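J.: Okay, handing you the structure first.
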Amino acid sequence: MVIKNSIYNNLINSYDLKKIIKDKNTKIIDCRWFLGNPNKGYSDYLKSHIPSAIFFDIDKISNNEIQLPHMLPTYNIFNSYVNKSGINKNNLVIIYDQYGFFSSSRVWFIFKNYGFEKVKILNGGFQAWKNIKYKTACAKIKTKYSRTFVSKNFQKNVVDKAEVKKSTKSDKKIIIDARPSNRFLGQVPEPRPLLRKGNILKSINVPFNKVYDLTGKIKNKTDLIKIFKNLSKNKEVICYCGSGVTACNLIFALNLLNFTNIKLYDGSWAEWGKKE
């Protein structure tokens, strides 16, 4: 996956979004998602969202044939979504969630993985937009069908359980767990049933919320460098979390730091931690 590394190519603030919100080339995606409450994101969207925003349901736009939560969507599922939403590769796609960096990076990763170049995350999310008291809407957005080409070159930035097992025996791979430290250390039960406590052998812990500040905005490059100072750009980095969502926050941050060999273990602990 070739992702432009400049922080300005990947982020947009509320002020700049407001200036281009009426541009026909701008497509805004609301992907608010709450662990343990799959309907809350869409419910909140219907109550209030950024004008012209289209909703992206992480649970529904996924590969539901796999018995794991919200796995990355297949080509047909993703292609159907972008066509029905009137999105094409010439559009500037702006993604936001409730906080800034929780589920937005997951949707950013999906679009990038399918070859979309112009994709940005709203820094600070919907909360930042509301804090400035910009206008919001409550009506569901009507979209116009638009056929677009979506690359089928999928999965090359994703690793499966077998590949992760091999990686635990390799000094050329780094495995990072994005879950909170108490879950990584097995100090608390997993929020999903029938999962063991603990972590993947030889993995290190960088909780996903370390990459953004209290306002939901991504930390500056100096701070990000400190967080990932022990990582080598010469090694492949594999990121995982509870179910593949917040791991994408680390992938997003590492791209800002010019790491290029980054993979997502999509099954994450939901697969690895299953009790046998």
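J.: Only one of (1) more than 22 Å from GLY242 (Cβ to Cβ); (2) in contact (Cβ under 8 Å) with a residue 60 or more places away in the chain fails for GLY115. Which number is that?
T.: Result: GLY115 passes all but (2).
J.: Could you go through segment 241-255 and let me know if any residue there is among the hydrophobic types (A, V, I, L, M, F, W, C), touching a strand residue (DSSP E or B) at 6+ places or on another chain (Cβ under 8 Å), surrounded by fewer than 15 Cβ atoms within 10 Å (Cβ to Cβ) and closer than 22 Å to LYS172 by Cα.
T.: In the first step, residues of segment 241-255 are kept if they are among the hydrophobic types (A, V, I, L, M, F, W, C); the result is 241, 245, 247-248, 250-254.
The next check asks that each one be touching a strand residue (DSSP E or B) at 6+ places or on another chain (Cβ under 8 Å); those that pass are 241, 247-248, 250-254.
Among the residues that remain, those that are also surrounded by fewer than 15 Cβ atoms within 10 Å (Cβ to Cβ) are: none.
Within segment 241-255, not a single residue is among the hydrophobic types (A, V, I, L, M, F, W, C), touching a strand residue (DSSP E or B) at 6+ places or on another chain (Cβ under 8 Å), surrounded by fewer than 15 Cβ atoms within 10 Å (Cβ to Cβ) and closer than 22 Å to LYS172 by Cα.
J.: So ILE121 clears everything in (1) in a loop (DSSP other than H, G, I, E, B); (2) touching a helix residue (DSSP H, G or I) at 6+ places or on another chain (Cβ under 7 Å); (3) at pLDDT 90 or above except one condition, right? Which one?
T.: (1)
J.: Can you find a residue that is modelled with pLDDT of 90 or more and not assigned by TED's automatic domain parsing to the domain that holds ASP57 anywhere in segment 137-145? Walk me through how you get there before you give the answer.
T.: Initial filter on segment 137-145 (modelled with pLDDT of 90 or more): 137-138.
Remaining after also requiring not assigned by TED's automatic domain parsing to the domain that holds ASP57: 137-138.
Yes: segment 137-145 contains one or more residues that are modelled with pLDDT of 90 or more and not assigned by TED's automatic domain parsing to the domain that holds ASP57.
J.: A further question follows. Restricting attention to segment 45-71, and to residues there that are within 14 Å of the chain's Cα centre (by Cα) and not small (Gly, Ala, Ser), which single residue is nearest to LEU92 (Cα to Cα)? Explain how you work it out, then say what you get.
T.: Quick first cut of segment 45-71, residues within 14 Å of the chain's Cα centre (by Cα) only: 56-59, 61-62, 70-71.
Now drop any that are not not small (Gly, Ala, Ser), which leaves 56-59, 61, 70-71.
Numbers: PHE56: 16, ASP57: 20, ILE58: 20, ASP59: 24, ILE61: 20, HIS70: 25, MET71: 25 Å.
Once the filter is applied, the top-ranked residue is PHE56.
J.: So how many residues does segment 124-149 have that are polar (S, T, N, Q) and part of a loop (DSSP other than H, G, I, E, B)? Give the derivation first.
T.: So in segment 124-149, the residues polar (S, T, N, Q) come out as 127, 131, 136, 143, 146, 148.
From what is left, the residues that are part of a loop (DSSP other than H, G, I, E, B) are 136, 143, 146, 148.
Residues meeting the conditions: 4.
J.: Only one residue in PRO180, PRO191 is without any contact (Cβ under 8 Å) to a residue 40 or more places away in the chain, within 22 Å of ASP59 (Cβ to Cβ) and more than 15 Å from the chain's Cα centre (by Cα). Which one? Full working, then the answer.
T.: On the way: PRO191 fails: without any contact (Cβ under 8 Å) to a residue 40 or more places away in the chain.
The conditions single out PRO180.
J.: I want to confirm something. Restricting to segment 131-143 and keeping residues that are in contact (Cβ under 8 Å) with a residue 60 or more places away in the chain and not polar (S, T, N, Q), which single residue is nearest to THR26 (Cα to Cα)?
T.: Of everything passing the filter in segment 131-143, ILE141 is nearest to THR26 (Cα to Cα).
J.: Additional query: Considering each residue of segment 185-219, count those that are under 27 Å from TYR96 (Cα atoms) and of a type outside the set (Ser, Thr, Tyr), and give that number. Walk me through how you get there before you give the answer.
T.: Step one: filter segment 185-219 for residues under 27 Å from TYR96 (Cα atoms), giving 190-192, 205-219.
Then drop every residue that is not of a type outside the set (Ser, Thr, Tyr), which leaves 190-192, 205-211, 213-214, 216-219.
Within segment 185-219, residues that are under 27 Å from TYR96 (Cα atoms) and of a type outside the set (Ser, Thr, Tyr) number 16.
J.: Evaluate the following for SER151: is it modelled with pLDDT under 95 and of a type in the set (Gly, Ala, Ser)?
T.: Values: modelled with pLDDT under 95: yes; of a type in the set (Gly, Ala, Ser): yes.
It is true that SER151 is modelled with pLDDT under 95 and of a type in the set (Gly, Ala, Ser).
J.: Then there's this: Among the residues of segment 74-105, count how many are without any contact (Cβ under 8 Å) to a residue 40 or more places away in the chain and touching a Phe, Trp or Tyr at 6+ places or on another chain (Cβ under 6 Å).
T.: 0
J.: Additional query: Which of the residues spanning segment 88-118 are surrounded by fewer than 23 Cβ atoms within 10 Å (Cβ to Cβ), at pLDDT 95 or above and in contact with a Gly (Cβ under 9 Å, 6 or more places away or on another chain)?
T.: GLN98
J.: What do you reckon, is SER43 crowded, with 17+ Cβ neighbours inside 10 Å, of a type in the set (Ser, Thr, Tyr) and assigned by TED's automatic domain parsing to the domain that holds ASN91? Talk me through it step by step, then tell me what you get.
T.: Details: crowded, with 17+ Cβ neighbours inside 10 Å: no; of a type in the set (Ser, Thr, Tyr): yes; assigned by TED's automatic domain parsing to the domain that holds ASN91: yes.
Criteria not met by SER43.
The values are calculated or read from the model by the stated rules, or taken from the named source; none is laboratory data. From a predicted model like this one, the values you see are computed outputs, not experimental measurements. Neighbour counts are summed over all protein chains in view; Cβ atoms, including those assigned to glycine, are modelled from backbone coordinates with ideal geometry.
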